[in-house]
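One structure is given here, and the rest of the page talks about it.
The values are calculated or read from the model by the stated rules, or taken from the named source; none is laboratory data. Every value quoted in this text rests on a predicted model; they were computed, and no experiment measured them. Please note: Cβ atoms are built from the backbone with ideal geometry, for glycine as well, and neighbour counts cover all protein chains shown. Calculation scope for accessible area: heavy atoms of the full protein, side chains included, ligands and nucleic acids excluded. Shrake-Rupley method; radii C 1.70, N 1.55, O 1.52, S 1.80 Å.
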Amino acid sequence: MPNLGRCADSAAAGVQAETSAQGTEPEEHGLSPNALEIWNPSLPLIGHFPITNSMLVSWIVALGVIAFARIATRNMKLVPEGAQNFLEWMVESLYTFIEGIIGADLVKKTFWFFITIFIFILFSNWLGLVPGVGTIGWGHETHGFTVTRPLLRGGNADLNMTFAMAAIFMVLWLFWALRSNGIWGFTLHLFGPKGESTGFIKYMMIVVFFLVGFLEVISIGFRPISLSFRLYGNVFAGESLLEAMSNTVQHPAWARAMFSVLIPVPFYFLELLIGLVQAFVFMLLTTVFTALICTHEEEHATAAQH
């Protein structure tokens with residue numbers, strides 16, 4: 001186990017010795033863009049199961065959210081207060097917001113995913129800002145102690161996590177789309193002509209929208225990539241910013257100790273806001289993607305009635 005910023009990694013020590021032998025100073029690096037393995041147990045029927053520092057933080061967030069929900073709903077009251085009041089306010093506000101986008105019928109079937117993804121991303125982002133996350137772990141001595149293998153790492157600073165959430169959404173998106181439209185309706189939504197036309201223009205529009213459908217398929221294929229890279233890029237950039245600000249002053253030692261705490265403080269408040277915005281943006285984009293494929297029939301029916 002690491003010793004709060006004093007655990008010398010043997011591999012890092014070897015690199016330091018080698019660079020010292022060559023007469024050069026070891027190069028300092030910022031945060032790694034990849035999650036790092038901290039344990040690799042061998043499990044029955046599974047074999048080796050590598051556990052990374054970002055996975056550990058994600059499990060902590062999941063357990064924390066489950067524990068909070070259990071506590072908030074343990075003694076339900078007609079007039080809510082405390083944790084129950086906060087939980088009901090958050091759920092009701094998001095439910096009303098999402099209902100306005102995808103409709104009263106579809107929100108009943110999909111809200112569980114949107115509320116879950118929002119809460120999980122939000123608290124994963126905020127937990128990544130807790131002092132010690134990314135700064136406690138294994139490392140080596142340079143001008144001071146440098147952590148090269150942090151014990152904890154923000155869950156959404158791992159591209160594997162953000163891509164997994166985006167991939168799960170796309171599977172659910174396809175399921176919701178097929179359930180709402182059927183196979184023929186889903187195909188017609190992608191490749192069928194939109195609007196009313198007759199004669200030669202009608203056949204021209206069929207060709208045009210058939211070609212547009214292929215562009216739509218390509219766009220759909222890139223959605224998990226754009227969703228995952230947007231969230232990962234913003235979270236990783238925020239961590240890198242805090243890392244850079246904390247290392248702005250290096251000498252003397254007393255100034256480094258003081259300014260490594262003071263300088264990042266304004267940026268912490270900025271990252272708290274960004275963590276909230278990114279959770280909301282991810283939820284909003286998935287909601288809009290779902291609305292675009294699942295609510296067009298309801299809109300046409302409403303327009304016909306008017």
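Any idea of residue 96's accessible area? Nearest 10 Å², probe 1.4 Å.
Probe radius 1.4 Å; accessible area of residue 96 about 90 Å².
For 265, 79, what's the largest-to-smallest order of accessible area, 1.4 Å probe?
79, 265
Of 260, 183, 285, which is farthest along the charge dipole of the stretch 174-289 in the positive direction, counting Lys and Arg as +1 and Asp and Glu as -1 at C-beta?
Comparing the listed Cα positions along the dipole, 183 ranks first.
Divide the volume of the convex hull of the Cα atoms of the stretch 178-295 by its number of residues and quote the answer in cubic angstrom per residue.
Once divided by residue count, the hull of the stretch 178-295 is 131 Å³.
Hey, can you find the accessible area per residue of the stretch 73-211 for me, probe 1.4 Å, expressed in square angstrom?
Dividing the accessible area of the stretch 73-211 by its residue count gives 56 Å².
Would you mind estimating how fast the stretch 46-168 diffuses translationally, via Stokes-Einstein at 25 °C and 0.890 mPa s with the Kirkwood radius over Cα pairs, in µm²/s?
This corresponds to a translational diffusion coefficient of 144 µm²/s.
I'd like the FRET efficiency for residue 259 and residue 237, computed as 1/(1 + (r/R0)^6) with the beta carbon distance as r and R0 of 35 Å, rounded to 0.05.
Given R0 = 35 Å and the Cβ-Cβ separation, E is 0.95.
So who's got an amide H within less than 5 Å of the one on residue 38, skipping anything under 5 residues away but keeping other chains? H placed 1.01 Å off N, in plane.
51, 52, 53
Rg over Rh of the stretch 111-253, using C-alpha atoms and the Kirkwood radius, what does it come to?
1.23
Show me, for the stretch 160-170, the HN-Hα J-couplings you get by feeding each phi into the Karplus relation (A = 6.51, B = -1.76, C = 1.60, θ = phi - 60°), rounded to Hz, glycine and proline as x.
Calculated HN-Hα couplings, in order: 4, 5, 5, 5, 4, 5, 5, 5, 4, 4, 5 Hz.
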